[in-house]
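The values are calculated or read from the model by the stated rules, or taken from the named source; none is laboratory data. Keep in mind that this is a model prediction, so the values were computed, not measured. With ideal geometry, Cβ positions are generated from the backbone for all residues, glycine too; neighbour counts draw on all protein chains shown. Heads up: the accessible areas ignore ligands, DNA and RNA and are worked out on the full protein's heavy atoms, side chains in. Shrake-Rupley method; radii C 1.70, N 1.55, O 1.52, S 1.80 Å.
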Amino acid sequence: MPLRETLARADADLAAGRVPVARQRLRGLISSFPHDLVLRRRLAEVYRLYGDAAEAGRWMYLEEDRSASETAAFEARYGSPGWRMKALAWHGPEVKAATAFAQGQLVAVRTACAEELGHPVDWDDPASYRDNLKGEHEAPSEPWTVGGVLAGVGCLVAALMFLAIWVNGVVALFG
């Protein structure tokens, strides 16, 4: 699906309150267009709707006007340069960055990772920094939503009703 059409669908999803769907569309676009800073900014805006400062900071990390608190939350969640390289989902050389600031950020993360590991690392070769990805990362979690809680409660009620009907059937069969 073309970029503009997918962006239009993401906007429609947001307007309709389908934030998770819009988030997934934008994540897919970033995987296809990793150098597009506008897409990263838009995904950061979606994560702000969730109140997830670390993920907003992740997607704004290459922007000069990023929030210091979001950046700190991102750096805390993705504690090592290797995890940051993985989280930034960049592909190709840093010179493909649209701004000098973004290029500098990418170089800084890659350089820090290489220094920590003691060998060169490459954005296009995750194996080159994989040694640095052992257990330091807290998995991103999203805040609970009313819909998610209601779905969980609904599943629990359905399971309890099934169990009650089953027990009733067993009692009726042997009783």
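Here's a check for you: in the stretch 81-95, which residue that is charged (D, E, K, R) and surrounded by fewer than 21 Cβ atoms within 10 Å (Cβ to Cβ) is farthest from Leu29 (Cα to Cα)?
Restricting to residues being charged (D, E, K, R) and surrounded by fewer than 21 Cβ atoms within 10 Å (Cβ to Cβ), the top hit is Glu94.
Kindly provide the set of residues from the stretch 2-26 that are in contact with a helix residue (DSSP H, G or I) (Cβ under 8 Å, 6 or more places away or on another chain), of a type in the set (Lys, Arg) and more than 23 Å from Val146 (Cβ to Cβ), ordered by number.
Arg9
Condition check ((1) touching a Gly at 6+ places or on another chain (Cβ under 6 Å); (2) within 20 Å of Val121 (Cβ to Cβ); (3) open to solvent by 10 Å² or more (accessible area, probe 1.4 Å); (4) among the charged types (D, E, K, R)) across all residues:
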| residue | (1), (2), (3), (4) |
| --- | --- |
| Arg48 | no, no, yes, yes |
| Gly51 | no, no, yes, no |
| Ala56 | no, no, no, no |
| Tyr61 | no, yes, yes, no |
| Ala72 | no, no, yes, no |
| Gly79 | no, yes, yes, no |
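If you scan the stretch 141-175, which residues turn out to be open to solvent by 100 Å² or more (accessible area, probe 1.4 Å), within 30 Å of Phe74 (Cβ to Cβ) and assigned to a helix (DSSP H, G or I)?
Correct list: Val146 only.
What tally of residues in the stretch 7-46 results from selecting those that are of a type in the set (S, T, N, Q) and buried (at least 17 other Cβ atoms within 10 Å of the Cβ)?
Number of matching residues: 0.
Trp123 passes all but one of (1) at pLDDT below 95; (2) surrounded by 10 or more Cβ atoms within 10 Å (Cβ to Cβ); (3) within 24 Å of Glu63 (Cβ to Cβ); (4) out of contact with any His (no Cβ under 7 Å at 6 or more places or on another chain); which number fails?
(4)
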